[in-house]
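Undergrad: I'd like to ask some things about the structure below.
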Amino acid sequence: MVVPYTRVDDPKKLQRLMAAVLMIAADVDLPELLRHLVEEARFLVDARYGALGVLNPDRTALEEFITVGLSDAQVAAIGPRPIGRGVLGLLITDPRPLRLERLGDHPESYGFPPEHPAMTSFLGVPVRVRDDVYGNLYLTEKMGADSFSDEDEALAEALALAAGVAIQNARLHDQVRV
């Protein structure tokens, strides 16, 4: 996968993207790094909400789900974290970027808990390193537009790649310690 950076014109966005990617080399624990990458993705693409789902090693379900943009009260009201069904599951079985102007119109859009905030626009990209998929980055509710752009997708893919490298490094480190 090659992220076409030529689609990103804003030098300030490129600077923030570079700073976020360089955090991989910092001595930061994985959950903190992943949360930072989701926060940056949300900022760079003007999304109200962001999340990163980390797949279990078998790629059958989400083992971790990091959310940004929801209050602690909203997270508690929503209930248990998603396990990877619906559109989130589609991205697990078919790890390709997915942009939707109206999330609710997609045939795989189901399973939202009653207390979940409304979400219309959606951008999901795989968190991967080459052919190894580690999860997905999800961004919803594009602010100031009806849908996410090519530039948004390029920025999200770059940050998802950084997250993939971080997860891969952490898992390799865990294997070496055993």
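Undergrad: ³J(HN,Hα) across the stretch 55-65 via Karplus (A = 6.51, B = -1.76, C = 1.60, θ = phi - 60°), whole Hz, x for Gly/Pro?
TA: So the J values, rounded to whole Hz, are 6, 5, x, 7, 6, 9, 7, 7, 9, 8, 9.
Undergrad: List the pair-distance distribution P(r) of the chain, using every Cα-Cα distance, as the percent of pairs falling in each 10 Å bin from 0 up to the bin containing the longest distance, rounded to whole percents.
TA: In whole percents, the pair-distance histogram is 10, 40, 37, 12, 1.
Rule-based calculations on the coordinates, nothing more; no lab input. Keep in mind that what you see is a predicted model, and the values were worked out from it rather than measured.
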